[in-house]
Each structure stands twice: as structure tokens, then as C-alpha cells.
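Peer 1: Provided herewith is a single structure, encoded as C-alpha cells, for subsequent inquiry.
The values are calculated or read from the model by the stated rules, or taken from the named source; none is laboratory data. Not measured: the values here are computed from a predicted model. Every residue, glycine among them, receives a Cβ derived from its backbone with ideal geometry; neighbour counts consider all protein chains shown. Side chains are part of the model used for accessible areas, which takes the heavy atoms of the whole protein and leaves out ligands, DNA and RNA. Shrake-Rupley method; radii C 1.70, N 1.55, O 1.52, S 1.80 Å.
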Amino acid sequence: MTKIEKIMRRDVVGVSADDAIVTARRLMVDLGLSGYTVVDVNGSLIGIVTEGDLIGRLIPRRKPRWWDLLFRDREALAREYRKAIGTTVADVMTSSPISIEPDASIGAAAALINSHDIDVLPVVEAGLLVGLVTRTALINEVAWASETSEPGAAADDQLVQEMHERMEDEPWLSGRAVHARAHLGVLELQGLVDSQAERAALLAMARAIPRCIGVEDHLLARREVLRRS
């Protein structure tokens with residue numbers, strides 16, 4: 001699988017926590033990024049500034065009400081105040097952001113970006129910032145891999161084996177009444193499933209197998225069969 005170092009941006013050097021917020025904003029605009037890294041004097045990653053951090057500053061600040069002081073953490077209120085009126089990168093950045101190493105797979109990066117709902121992921125090696133991976137870069141890599149794959153290159157029996165292995169890994173399958181066979185890269189699915197949702201998921205599973213060029217659907221939903229009988 002493709003490594004992060006192949007698709008990461010290397011033109012990201014990071015700003016200092018003492019830099020003005022406008023410095024980070026200009027770099028984000030110039031480089032077309034939705035976030036920018038913050039490093040210390042040694043080049044170690046210490047934070048990240050995102051579009052969300054900057055957009056939040058546009059929202060008019062509401063003075064805390066008396067119940068805020070009773071039910072909310074005063075430290076949290078202090079941090080919100082600093083973020084709203086601060087002038088330096090340190091005032092608005094997210095400290096200790098998640099990161100990934102350059103020899104990690106794009107799958108690992110995709111999992112982090114998806115689970116943390118972020119658009120940019122710093123790449124760190126030996127504690128030092130070496131690059132940045134974006135959600136867009138991951139999407140482009142997936143699209144490129146799909147376009148350059150050779151239809152029918154994988155043997156049909158390998159497609160069938162991969163489909164069965166994927167089905168075995170999924171606990172939501174209602175049973176093992178689904179069978180797959182392949183011809184010239186086209187997977188054919190036959191059998192009985194519990195619902196239309198399960199049917200759709202199996203078809204998506206088949207289409208997601210690398211070098212599967214098509215899927216023939218011969219699945220029957222048990223509930224539909226019972227309804228017709």
C-alpha cells in the first residue's frame with residue numbers, strides 16, 4: 001500500500017507560536033491549506049492552526065452569564081477568551097495535535113483523518129515536522145489508484161477469495177448463504193440476505209475490491225421473498 005511519504009506535502013515548514021495570527025493565515029491561503037503547523041525552535045511539532053480556529057474568532061463573543069460561572073469550568077472560559085481576543089498563533093492553536101509518520105500507510109492516515117474529523121494531518125519523523133497530509137491528497141490518491149488499475153489483471157479466483165475473506169470479517173452478515181464467483185474481473189454474487197441494507201453493503205464490498213471491474217447482483221432479500229410469497 002502507498003506510504004504517506006509519497007503523497008505528503010513537504011513545503012510546510014511551520015510557524016512559531018509567537019508569530020502573529022495573520023502570518024499563519026497568509027500561509028494557509030498561499031498554500032491552499034485548511035490548516036498550518038506550529039513548531040518550536042528545534043522544528044518539533046507543538047500545535048496546529050486550522051480554519052475552524054480562525055472562523056471561530058468571527059463569532060461575536062458573548063460575555064459569560066452568571067450561570068456559566070456556576071456550571072462551567074472557569075479555566076475553559078479563560079481559554080475561550082484568550083482564543084477570541086488573542087493576537088499570536090499560541091493564542092488560537094490546538095496544542096499537541098495528532099500526527100503520523102512518513103512510513104505509515106495511506107489507510108492509517110485516512111483512519112485518523114476520518115475518526116478525528118480533520119482536514120490536515122502533520123507528518124512527524126523522530127519528533128520533527130517533515131510534512132503534511134491533506135484529506136484532498138488522500139482522495140486524489142484513491143482516485144488515481146482506481147483509474148490506473150488494470151481491469152481483469154487479478155485472477156478471478158483471487159477476486160472470489162478476497163470477497164469471501166471480507167465477508168468472513170463482517171459480523172453484521174446474517175448468515176453464510178452468499179456465494180461469489182468471477183469471470184474476467186466481474187464478480188457475481190448469489191444467495192439470500194436478510195435485508196436490502198445488507199444487500200447494498202455486500203455490493204459495495206464487492207465494488208471496493210481492487211481490480212474488480214464490475215458486480216452482477218443476483219442476491220435476494222429474505223424479507224422481500226417472504227413478502228411476495
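Peer 1: Could you give the radius of gyration (one decimal) and Dmax (whole number) of the Cα atoms in segment 155-229, in Å?
Peer 2: Calculated on Cα positions, Rg and Dmax stand at 12.1, 39 Å.
Peer 1: To the nearest 20 debye, what is the magnitude of the charge dipole of the chain about its Cα centre, counting +1 on the Cβ of each Lys and Arg and -1 on the Cβ of each Asp and Glu?
Peer 2: Roughly 1180 debye for the chain.
Peer 1: Follow-up. For segment 1-75, what size does the Cα cloud have along each of its three principal axes, sorted from largest down, in whole Å?
Peer 2: Rounded to whole Å, the extents work out to 53, 28, 27 Å.
Peer 1: When the scattering of segment 58-114 is computed by the Debye formula from its Cα atoms alone, each counted once and equally, what is log10 I(q)/I(0) at q = 0.14, 0.24 Å⁻¹?
Peer 2: Here log10 of I(q) over I(0) equals -0.62, -0.96.
Peer 1: I would also like to ask the following. Ignoring ligands, DNA and RNA, what percent of the 1.4 Å accessible area of the chain is carbon and sulfur?
Peer 2: 54
Peer 1: In terms of the ratio Rg/(2.2 N^0.38 Å) built on C-alpha atoms, what value belongs to the chain?
Peer 2: Here the Cα radius of gyration is 1.42 times the empirical estimate.
Peer 1: Of the DSSP beta bridges with both residues in segment 1-155, give the percent that are antiparallel, rounding to the nearest 5.
Peer 2: Rounded to the nearest five, the antiparallel share is 90 percent.
Peer 1: Principal axis extents for segment 10-141, Cα atoms only, whole Å, descending order, please.
Peer 2: 51, 29, 26
Peer 1: Then there is this: Alpha carbon centre of segment 156-229 versus segment 1-54: separation in Å?
Peer 2: Distance between centres, Cα-based: 43 Å.
Peer 1: Something else: Using the Cα centre as the reference, give the magnitude of the dipole from point charges on the C-beta atoms of segment 1-136 (Lys, Arg: +1; Asp, Glu: -1; all else neutral), rounded to the nearest 20 debye.
Peer 2: Using only the charged Cβ atoms, the result is roughly 620 debye.
Peer 1: Could you provide, to the nearest whole Å², the per residue accessible area of the chain with probe 1.4 Å?
Peer 2: Each residue of the chain exposes 61 Å² on average to a 1.4 Å probe.
Peer 1: Taking 30 Å as R0, compute the FRET efficiency from the Cβ-Cβ separation of Ile98 and Arg207 and round it to 0.05.
Peer 2: 0.50
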